[in-house]
Amino acid sequence: MMQHFYVFAFDSTHSAIEAERLLAPCKAVVMPTPRVITVSCGMSLRVEDEYAEEGLRLMKGSGIGSWHYYEMSGSRRDLKSKLLDEA
C-alpha cells in the first residue's frame with residue numbers, strides 16, 4: 001500500500017513535545033522517526049496532506065528549536081523521504 005504524508009523530525013524531545021501542542025489543530029500524530037531519516041531525537045510528528053501547508057506555516061512562525069520537514073512516500077518497506085525545509 002502506497003503512503004504519502006509529511007514528518008517533522010526534531011533534534012530534541014523537548015522541541016517535539018512543544019511542536020505537538022502547536023500542531024494540535026493540524027491533527028499531528030507522534031510517531032517514531034522513520035529509519036530513512038537519520039537526523040532526529042527519535043520522536044517525530046506526522047501530518048497528513050490536508051494539513052501540510054498549515055503545519056509548516058505554524059512551525060516557521062513558532063521559534064521552536066531545530067526541526068526538519070520531510071515529505072514521505074512509498075510503501076511501508078520502501079519508504080522514501082525528501083527534505084523540504086528545516087530550521
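The values are calculated or read from the model by the stated rules, or taken from the named source; none is laboratory data. Since we're looking at a predicted model, the values are computed, not measured. When we count neighbours, we look across all protein chains shown, and the Cβ atoms used for this are built from the backbone with ideal geometry, even at glycine.
Here are a few things to note about the model shown:
- Segment 67-87: number of residues that are in a loop (DSSP other than H, G, I, E, B), surrounded by 13 or more Cβ atoms within 10 Å (Cβ to Cβ) and polar (S, T, N, Q): 0
- For segment 1-51, a residue qualifies if it is of a type outside the set (D, E, K, R), more than 26 Å from D78 (Cβ to Cβ) and either in a helix (DSSP H, G or I) or in contact (Cβ under 8 Å) with a residue 40 or more places away in the chain (or both), and the qualifying residues are S12, T13, H14, S15, I17, A19, L22, A24, P25, C26.
- Residue in segment 1-13 that is in contact with a Leu (Cβ under 6 Å, 6 or more places away or on another chain) and at pLDDT 95 or above present: yes
- Positions within segment 4-40 being under 19 Å from G61 (Cβ atoms) and basic (K, R), in sequence order: R21, K27
- Cβ-Cβ distances below 8 Å connect the following pairs, each with a first residue in segment 52-66 that is without any contact (Cβ under 8 Å) to a residue 40 or more places away in the chain and surrounded by fewer than 17 Cβ atoms within 10 Å (Cβ to Cβ), a second residue that is part of a loop (DSSP other than H, G, I, E, B) and aliphatic (A, V, I, L, M), and a separation of six or more residues or different chains: K60/A87.
- For E48, the requirement of being among the acidic types (D, E), over 16 Å from H4 (Cα atoms), out of contact with any Pro (no Cβ under 9 Å at 6 or more places or on another chain) and modelled with pLDDT of 95 or more is not met.
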